[in-house]
């Protein structure tokens, strides 16, 4: 059992994260079986899974790659809309909703990945603030396009048009109706599927990070020039992280959309991108476990504290600012560290992990 | 094709490397920044297993030469032949793959990663599995990761750093960071290693140890080393050939003895004597 | 005639973008940060002016002045509280903080002034200039906006190039460390930059809402992002660049609305930004900066 001995802190930390997700899943399933779950929480299970996937996938871009993307919701949108159209088509021939959903997720993931490449190839030549603003711009472009898209399905197949509804359809039904968005969505998303998607994405991210590709991605974050000096292809690894992240956001979009009967494109706007960013920052940049917890808590909590809902965004804003100052200002950081040391029994040794858990 | 006999007038070749094609031949190398010639008509030849030194006053353009050789900057003039192959049109990544590795004057490590991961990043292009094989944890992944792990520790042992493998690179003391940069560069299996002020910030005993290690590296790996250094003791001690740069131009070349006796060099370092 | 009308509307909208873009570009030049909250300072400026003139019946000019004073203070406070502690922090941290600040302002405004839209009374008298026998009618607001923009540009360029403080601002933007060694107070120079940028934001807010009177807490967000786009377009850090970028962006937006599609106009504006950045990553008048190795 050489591997067990070799299992370093990172691997152990990843195992804890997997276990946490599984335990949470089992507990919720138990609550569903015994009927001890409130209906409002039950209705949120699928969105929670979707947001968790959004958060961990954005964390891959922001925490691991170290580039700020403000258009993550755009990929979610691309996935949601293409995935639902695919689901509508597949469900004509396939009866099993689970298979339809899986196929739809694959389509949504691939479409989002393609959009990711289209966005990524130009965008990733930039970095820092420029990259952030251009991802924001792309998010808005995707939203703009989807809001003006009309897609119908009839016996002759799919019909598309832009800006004005000029579809000439022979009966059939509208799938995407411009600003009204997706209509008549088959509600095939289930909590079990959400759980599976979370696990799959976690598996991919953890294994990616702990491989040579993941190391290369983190090397770019730490020092681009040094990475080039050891022969690491900056653009291709940047693109890889970006596209994987986009594909996952697309799958999350399919899961999210198929939980509701109608979905509008404006749901996936800059505010959603920033909400997901809040999850990532609050959970800790690079920490997948943190993202999962933050996404779950911040999705459940507002429902429970409905009377404070108007303060929610205000609190998020303050949290973002305070978190950044607390983790980046030398004076504040030292004070906090000193404070933490006083109250912890064992001093944590220098951490050898950086992107996991 | 590689020239078999190096140009004697620009060469710094030791007898050991004579008769073999030089590893590096740079001719008429130059770069301008907005009309200012930072490096001009720079010629150097480095033998296969030579330890060569590049010295000169601050701001002479030494690091710029390294940046030209490693294509951090694209030269505006001249050619660079690495092992007889023209590196024209290559970028920094391709130059590294072709066989030049370097360290940086202002240390550039992957600070949030561990020492071992830093070295493994040096081994990146010699670790052979695809991203998919990595994600799916195929046998190839385990095999290659194990190999990389062992190789990384082996390389770290040159500087007796294997016990630091799990520490974060950013938490290492200054001297150890400089050594780690050398190990990381070595991991890319270069034919030519460029060291930019490897002894900067080291105390005399650390410097002495470093000198030993630089020789050891050359002997073990049979590679050429070109270094920039201000510590004259180190340079005169271990370099077999030295080139002196001032205001972007080479003003002298030769063995340590010749350089020490060269009036132009003394002038560049100490300034011109006032004539009464 | 329609073309001319659209062109003038475009220049007018562009003038507003240019004034906002100045705030972005100056702050970026000096503090090397993207002040995401700049757009929301515009909104605050507009609200202050709205309450001063519409609720308390203040003279429009005094209203503008009051809103400039409030925004200046707001800008300085934001810089001191949120950005100054992060002077040494990585760019990502600063950017996230700025986004947090933007949301803070928007949501504070929503709590204070509710999200129901306010109808802004134009500070410029109603009426228009009729040309070509009335075939072309240009409102006073449009004309005033363009004039104000020109005046601000001239004043700012003179200030930055001719005065002592302007010189110290340029010095700080070149090299903070060296400027400090020369005895320039870097912190107060940065504060001053935020103050100027925010005062201009107040003017932009008033002009924006005079032309488009619907005032809500998110009023500043989109124009803010577009103005940043304009600043990037023109070359961030460059004052003439902000003017050119702003005007071009305004024209593109109005033309896209008029001749292509209203809903897609924002997407087109952003697409233009992306194309510009790809062709010329530092914008039209931007300087190339490379990392020292």
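The values are calculated or read from the model by the stated rules, or taken from the named source; none is laboratory data. It should be emphasised that the depicted structure is a prediction, and the values quoted were computed from it without experimental measurement. Cβ sites come from the backbone with ideal geometry, for glycine too, and all protein chains shown count toward neighbours.
Some notes on this structure:
- Some residue of region A:289-297 being free of Cβ contacts under 8 Å to residues at least 24 places away in the same chain and over 25 Å from residue A:210 (Cα atoms): yes
- Cross-chain or 6+ apart pairs with Cβ under 9 Å, region C:233-256 first and closer than 11 Å to residue C:269 by Cβ, then outside any helix (DSSP H, G or I) and at pLDDT below 90: C:233/C:283; C:233/C:284; C:248/C:284; C:256/C:262; C:256/C:264
- Across region B:151-190, the qualifying residues are those that are part of a loop (DSSP other than H, G, I, E, B) and in contact with a strand residue (DSSP E or B) (Cβ under 7 Å, 6 or more places away or on another chain), and the one among them that is surrounded by the most Cβ atoms within 10 Å (Cβ to Cβ) is B:190.
- Region C:8-45 - residue that is part of a loop (DSSP other than H, G, I, E, B) and in contact with a helix residue (DSSP H, G or I) (Cβ under 6 Å, 6 or more places away or on another chain) and, of those, surrounded by the most Cβ atoms within 10 Å (Cβ to Cβ): C:35
- Boolean, residue B:85 is facing chain A (nearest Cβ under 7 Å) and surrounded by fewer than 24 Cβ atoms within 10 Å (Cβ to Cβ): no
- Evaluation of residue C:115 against the conditions (1) over 19 Å from residue C:195 (Cβ atoms); (2) part of a helix (DSSP H, G or I); (3) within 14 Å of chain A (Cβ to nearest Cβ); (4) touching a residue at least 12 places away in the same chain (Cβ under 8 Å) shows that the sole unmet condition is (2).
- For region B:117-150, the tally of residues that are without any contact (Cβ under 8 Å) to a residue 24 or more places away in the chain, more than 9 Å from chain A (Cβ to nearest Cβ) and surrounded by 21 or more Cβ atoms within 10 Å (Cβ to Cβ) stands at 0.
- Options C:264, C:278, C:208: the member that is in contact with a helix residue (DSSP H, G or I) (Cβ under 8 Å, 6 or more places away or on another chain) and at pLDDT 90 or above: C:208
- Matching helices (runs of 4 or more DSSP H) fully within region A:250-329 where at least 2 residues are facing chain C (nearest Cβ under 9 Å): A:270-283, A:309-328
- Members of region B:117-146 that are in a helix (DSSP H, G or I) and under 23 Å from residue B:221 (Cα atoms): B:117, B:118, B:119, B:120, B:121, B:122, B:124, B:125, B:126, B:144, B:145, B:146
- Put simply, of C:248, C:215 the only residue that is crowded, with 19+ Cβ neighbours inside 10 Å and within 25 Å of residue C:105 (Cβ to Cβ) is C:215.
- Residues satisfying the stated conditions in region B:93-116, i.e. part of a helix (DSSP H, G or I), facing another protein chain (nearest Cβ under 7 Å) and in contact with a strand residue (DSSP E or B) (Cβ under 9 Å, 6 or more places away or on another chain): B:96
- Scanning region B:65-82 for residues that are closer than 27 Å to residue B:215 by Cβ and in contact (Cβ under 8 Å) with a residue 12 or more places away in the chain, we see that the one that is surrounded by the most Cβ atoms within 10 Å (Cβ to Cβ) is B:65.
- Every residue from region C:218-245 that is surrounded by 21 or more Cβ atoms within 10 Å (Cβ to Cβ), under 18 Å from residue C:205 (Cα atoms) and within 14 Å of another protein chain (Cβ to nearest Cβ): C:220, C:221, C:223, C:224, C:225, C:226, C:227, C:228, C:229, C:230, C:231
- Residues satisfying the stated conditions in region C:168-186, i.e. out of contact with any helix residue (DSSP H, G or I) (no Cβ under 6 Å at 6 or more places or on another chain) and surrounded by 14 or more Cβ atoms within 10 Å (Cβ to Cβ): C:170
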